[in-house]
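All remarks here apply to the structure that follows.
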Amino acid sequence: MPTGTGAANLRNLPLTKYAVNPGLFNQLTSRTVFAPGNFPLPGFGNYVTNQLLQVGIVAGLRVLVKGTVTTVDGGGVNIVPTAKWPWGLINRFTVSGNGQNDFISCDGIDLHTRQLIQNRAMVDGYSSWPAAGNAIFAAAGAANFQLQFYVPIAMDLTTLVGALYAQSEATNLTYRIQTETEANLFTETLGTVTIDATVLIEEEIYEVPYDPQHADTLIIPDLTVLHGMVANENAIAQQAVLDTNLFRIQGQLERLFFRSFDPAAPTIWVQTAAYNYSQLIYGANQAPYTFNPQDNLQVRNNTDYRVILDDGIYVMDMVADNPARDQVLLEGVTNLRLRQSFSSVPGASAVTHFVQETLFA
């Protein structure tokens, strides 16, 4: 399988004279962390779009959602949160800029998972929410909640590879938050749920310095590629073996996230016990990654990240050990696909949700 650093250059670069010099950039730049503003969380199924400043090199966004969950009596209250609650409250978070549409496009569960695996042994001491079994889901009432997400515009904050050069009048950087529908977050036999919350955005940027020896030359880190996290879904349609075709782009596959679920039985993901195996396959039947039984991938994720992901959420990680060696050059493989074999076939409405994390041109 072709791997390595074969991604072509991207025009995520200054229009004026510049030099790529990560070492000098780290000496001269300064980090700025600021809050461009806050706004009400959109109602169920709605969205809001905002623009970020055209300043510096954007590394990432932190998103806090703080508010109240209220259950309303509808002749009795009997509400069960689905597996999407609470992280799936964000149904879709997208970032678009520099001529690349939606290079970040995933849900809150994906962002939460990505934060756990990027920050090994992370303990989230901030987030709290009423879980299944909380009193408000059996009787009318209200409970506070707060969630924190990180949107990784750069691949990592050490090298800033994949960060976005925003310091240009030609760059238009926007983000969009769409809230999940009420029906996908809660199964309601009696009663209804309302959410009143505020979204607080924090932006992390780095100043673009000039070369002290050449006053007309900007110094930048490696911005020749952009970092992407793009999600999609594939219907399982009661197939015992499901092949999900992956996007083939000019870039490198860093990680593949996936989980399967049945909206008709929404309280859990399709868990490890329901799998025979999963594979990453290319060409006719070349399978460089085979996890049989599925427990092997679950254990590998636990080993890589030192945290146990929710059962049913899996990551094939090509950068956990040696990125230059293990990442997949997407243009060098044909018919790349994820294969899942189920021992207990999910229902007719079940789907596989998958995310490709890439560096791309």
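What distance in nm separates the two pseudo spin-label positions at ASN78 and GLN250, each 7 Å out from Cα along the beta-carbon direction?
In this crude label model, ASN78 to GLN250 measures out at 5.8 nm.
Where does each of VAL307, VAL208 land when they are ranked from fewest to most other beta-carbon atoms within 10 angstrom?
Working: VAL307 15, VAL208 20.
Placing the least packed residue first, the sequence is VAL307, VAL208.
First check a/c for region 149-232, with a ≥ b ≥ c the square roots of the eigenvalues of its C-alpha gyration tensor; if it is under 1.5, answer rounded, and if not, answer prolate when a/b is larger than b/c or oblate otherwise.
prolate
Pull out a ≥ b ≥ c, the square roots of the eigenvalues of the alpha-carbon gyration tensor of the chain, then state rounded if a/c is under 1.5, prolate if not and a/b is larger than b/c, and oblate in the remaining case.
Oblate, since a/c reaches 1.5 and b/c is not below a/b.
I need the peptides 278-286, 258-266 ranked by packing, meaning the mean over residues of other C-beta atoms within 10 angstrom, with the highest value on top. Spell out each step's value before the answer.
Working: 278-286: 16.1, 258-266: 18.8.
Ranked from most to least packed, the peptides come out as 258-266, 278-286.
Relative contact order, percent, of the chain when contacts are C-alpha pairs under 8 Å separated by at least 6 residues?
29 percent
If one takes the longest principal axis of the Cα atoms in the chain, at what angle in degrees, from 0 to 90 and to the nearest 10, does the Cα axis of helix 295-305 lie?
Computed tilt is about 50 degrees.
Within 10 Å of each residue's Cβ, count the other Cβ atoms and sort VAL48, VAL69 from fewest upward.
VAL48, VAL69
For LEU28 and THR272, calculate 0.36 nm times their separation in residues minus their Cα-Cα distance, and state this gained length in nm to one decimal.
Length difference between fully extended and current span is 83.0 nm.
Rounded, prolate or oblate: which one fits region 12-130, using the alpha carbon gyration tensor with axes a ≥ b ≥ c (rounded when a/c is under 1.5, else prolate when a/b beats b/c, else oblate)? Walk me through the numbers before you get to the answer.
On the way: a/c = 2.69, a/b = 2.08, b/c = 1.30.
Prolate.
What ³J(HN,Hα) values, in whole Hz, does the Karplus curve 6.51 cos²θ - 1.76 cosθ + 1.60 give for region 264-271 when θ = phi - 60°, with x put for Gly and Pro?
6, 9, x, 6, 9, 6, 5, 8
Show the residues, 5+ positions off or on another chain, whose built amide H is closer than 5 Å to the amide H of LEU173.
LEU52
Based on the mean of other beta carbon atoms within 10 Å per residue, what is the order of 215-223, 149-157, most packed first?
Result, highest mean Cβ count within 10 Å first: 149-157, 215-223.
Considering amide H positions built from the backbone, and no H for Pro or chain starts, which residues 5 or more places from ASP107, or on another chain, come under 5 Å of its amide H?
The answer is PHE93.
Give me the one-decimal nm value for the distance between modelled label points at ASN144 and ASN232, 7 Å along each residue's Cα-to-Cβ direction.
Output for this residue pair reads 4.3 nm.
For region 269-322, what's the relative contact order in percent, using C-alpha pairs closer than 8 Å and at least 6 residues apart?
Working: 51 pairs, mean separation 17.5, N = 54.
Result for region 269-322 is 32 percent.
Around ASP243, with a cut-off of 13 angstrom between Cβ atoms, what is the net charge of the other residues, counting Lys and Arg +1 and Asp and Glu -1?
Within the 13 Å Cβ shell, the charges total +2.
Quick one: angle between helix 108-118 and the longest Cα principal axis of the chain, in degrees between 0 and 90, rounded to 10, please.
Rounded to the nearest ten degrees, it is 60.
Values in this text are rule-based calculations from the coordinates and carry no lab data. Given the structure is predicted, the values throughout are model-derived calculations rather than measurements. Positions of Cβ are backbone-derived with ideal geometry, glycine not excepted, and every protein chain shown enters the neighbour counts.
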